[in-house]
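Asker: Handing you this structure, nothing more for now.
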Amino acid sequence: MTINVIEVPKEIQLIVDALDDKRAKDITVLDLRKVSESLDYFIVATGESSLQLSALEDSVKMKLKDEGVLPKGVEGPPNRWLLMDYVNAVVHIMSPEARDFYDLESLWADAERLEVVPN
(Lines give C-alpha, C1' and ligand atoms only; values in the text may rest on other atoms or scores of the structure.)
Protein backbone atom coordinates (compact mmCIF):
# COMPACT_ATOMS: atom_id res chain seq x y z
CA MET A 1 0.00 0.00 0.00
CA THR A 2 1.33 3.42 -0.96
CA ILE A 3 1.28 6.41 1.38
CA ASN A 4 1.74 9.73 -0.37
CA VAL A 5 2.38 13.13 1.12
CA ILE A 6 0.66 15.65 -1.15
CA GLU A 7 -1.22 18.89 -0.82
CA VAL A 8 -4.80 17.95 -0.03
CA PRO A 9 -7.99 19.94 -0.59
CA LYS A 10 -8.76 22.45 2.16
CA GLU A 11 -11.91 20.54 3.15
CA ILE A 12 -9.89 17.38 3.83
CA GLN A 13 -7.35 19.30 5.92
CA LEU A 14 -10.14 20.90 7.94
CA ILE A 15 -11.72 17.51 8.63
CA VAL A 16 -8.41 16.01 9.76
CA ASP A 17 -7.75 19.06 11.96
CA ALA A 18 -11.22 18.83 13.53
CA LEU A 19 -10.77 15.12 14.28
CA ASP A 20 -7.30 15.69 15.69
CA ASP A 21 -8.59 18.55 17.89
CA LYS A 22 -10.78 16.01 19.73
CA ARG A 23 -8.06 13.33 19.83
CA ALA A 24 -9.46 10.89 17.28
CA LYS A 25 -7.36 7.76 16.94
CA ASP A 26 -5.89 6.36 13.71
CA ILE A 27 -7.10 9.08 11.31
CA THR A 28 -6.79 7.65 7.81
CA VAL A 29 -7.41 9.51 4.55
CA LEU A 30 -8.09 7.38 1.48
CA ASP A 31 -7.97 8.93 -2.00
CA LEU A 32 -10.63 7.01 -3.92
CA ARG A 33 -10.55 9.01 -7.15
CA LYS A 34 -8.63 6.34 -9.08
CA VAL A 35 -10.67 3.40 -7.79
CA SER A 36 -14.22 4.79 -7.70
CA GLU A 37 -16.34 6.70 -10.18
CA SER A 38 -18.53 8.29 -7.51
CA LEU A 39 -16.30 8.85 -4.46
CA ASP A 40 -13.33 11.16 -3.94
CA TYR A 41 -12.12 10.78 -0.36
CA PHE A 42 -12.86 8.69 2.73
CA ILE A 43 -11.65 9.90 6.09
CA VAL A 44 -11.81 7.18 8.73
CA ALA A 45 -11.22 7.83 12.43
CA THR A 46 -11.79 6.04 15.70
CA GLY A 47 -13.46 7.43 18.81
CA GLU A 48 -13.08 5.47 22.00
CA SER A 49 -16.46 6.24 23.60
CA SER A 50 -19.95 7.41 22.68
CA LEU A 51 -19.10 10.80 24.15
CA GLN A 52 -15.96 11.11 22.03
CA LEU A 53 -17.80 9.98 18.87
CA SER A 54 -20.30 12.78 19.45
CA ALA A 55 -17.53 15.30 20.14
CA LEU A 56 -15.73 14.28 16.93
CA GLU A 57 -18.93 14.73 14.92
CA ASP A 58 -19.55 18.16 16.45
CA SER A 59 -15.96 19.23 15.85
CA VAL A 60 -16.11 18.31 12.14
CA LYS A 61 -19.50 19.98 11.70
CA MET A 62 -18.39 23.21 13.39
CA LYS A 63 -15.03 23.51 11.61
CA LEU A 64 -16.63 23.02 8.20
CA LYS A 65 -19.67 25.15 9.02
CA ASP A 66 -17.27 28.01 9.85
CA GLU A 67 -16.09 27.68 6.22
CA GLY A 68 -19.67 27.62 4.89
CA VAL A 69 -19.68 23.86 4.23
CA LEU A 70 -22.60 21.79 5.52
CA PRO A 71 -22.97 18.02 5.36
CA LYS A 72 -25.28 16.59 2.73
CA GLY A 73 -26.28 14.03 5.34
CA VAL A 74 -25.31 12.39 8.60
CA GLU A 75 -26.22 8.78 9.35
CA GLY A 76 -25.63 6.09 11.88
CA PRO A 77 -26.07 5.24 15.51
CA PRO A 78 -23.91 7.78 17.33
CA ASN A 79 -22.45 5.17 19.67
CA ARG A 80 -21.01 2.93 16.92
CA TRP A 81 -20.51 4.51 13.50
CA LEU A 82 -21.26 7.96 12.17
CA LEU A 83 -21.12 8.69 8.46
CA MET A 84 -20.93 12.34 7.43
CA ASP A 85 -21.39 13.01 3.72
CA TYR A 86 -19.66 16.15 2.48
CA VAL A 87 -20.05 15.16 -1.20
CA ASN A 88 -16.32 15.20 -2.05
CA ALA A 89 -15.43 13.63 1.27
CA VAL A 90 -17.19 11.02 3.37
CA VAL A 91 -16.19 10.97 7.03
CA HIS A 92 -16.50 7.70 8.96
CA ILE A 93 -16.23 8.11 12.73
CA MET A 94 -16.28 4.65 14.27
CA SER A 95 -15.97 2.84 17.56
CA PRO A 96 -12.95 0.52 17.73
CA GLU A 97 -15.23 -2.51 17.39
CA ALA A 98 -17.04 -1.14 14.34
CA ARG A 99 -13.78 -0.15 12.68
CA ASP A 100 -12.32 -3.62 13.20
CA PHE A 101 -15.51 -5.33 12.02
CA TYR A 102 -16.12 -3.28 8.84
CA ASP A 103 -12.41 -2.79 8.02
CA LEU A 104 -12.95 -0.08 5.41
CA GLU A 105 -9.24 0.27 4.76
CA SER A 106 -9.06 -3.35 3.56
CA LEU A 107 -12.26 -2.98 1.55
CA TRP A 108 -10.63 -0.03 -0.25
CA ALA A 109 -7.11 -1.50 -0.27
CA ASP A 110 -6.52 -0.28 -3.85
CA ALA A 111 -7.02 3.34 -2.79
CA GLU A 112 -4.03 5.54 -2.05
CA ARG A 113 -3.52 6.48 1.59
CA LEU A 114 -2.68 10.14 2.02
CA GLU A 115 -0.49 11.38 4.85
CA VAL A 116 -2.36 14.44 6.13
CA VAL A 117 -0.58 16.12 9.02
CA PRO A 118 -2.91 18.01 11.37
CA ASN A 119 -2.25 21.74 11.65
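Asker: Looking for something without any contact (Cβ under 8 Å) to a residue 40 or more places away in the chain, in contact with a helix residue (DSSP H, G or I) (Cβ under 7 Å, 6 or more places away or on another chain) and crowded, with 18+ Cβ neighbours inside 10 Å - is there at least one such residue anywhere in region 18-41?
Answerer: Yes, the conditions are met somewhere in region 18-41.
Asker: Hey, among Pro78, Pro71, which residue is more than 18 Å from Asp40 (Cβ to Cβ), assigned to a loop (DSSP other than H, G, I, E, B) and in contact with a Leu (Cβ under 9 Å, 6 or more places away or on another chain)?
Answerer: Among Pro78, Pro71, only Pro78 is more than 18 Å from Asp40 (Cβ to Cβ), assigned to a loop (DSSP other than H, G, I, E, B) and in contact with a Leu (Cβ under 9 Å, 6 or more places away or on another chain).
Asker: Scan Asp66, Asp31, Asp58, Asp85 and give me the residue that is touching a Lys or Arg at 6+ places or on another chain (Cβ under 6 Å) and among the acidic types (Asp, Glu).
Answerer: Matching residue, one of Asp66, Asp31, Asp58, Asp85: Asp85.
Asker: Going by what's in this entry, would Pro118 be described as surrounded by fewer than 17 Cβ atoms within 10 Å (Cβ to Cβ) and at pLDDT 95 or above?
Answerer: no
Asker: Return the residue satisfying two criteria in turn: it lies in region 9-48 and is among the acidic types (Asp, Glu) and assigned to a loop (DSSP other than H, G, I, E, B), and of such residues it is modelled with the lowest pLDDT.
Answerer: Glu37
The values are calculated or read from the model by the stated rules, or taken from the named source; none is laboratory data. Here the structure is a predicted model, which is why all the values come from computation and not from measurement. Backbone-built Cβ (ideal geometry, glycine too); neighbour counts: all protein chains shown.
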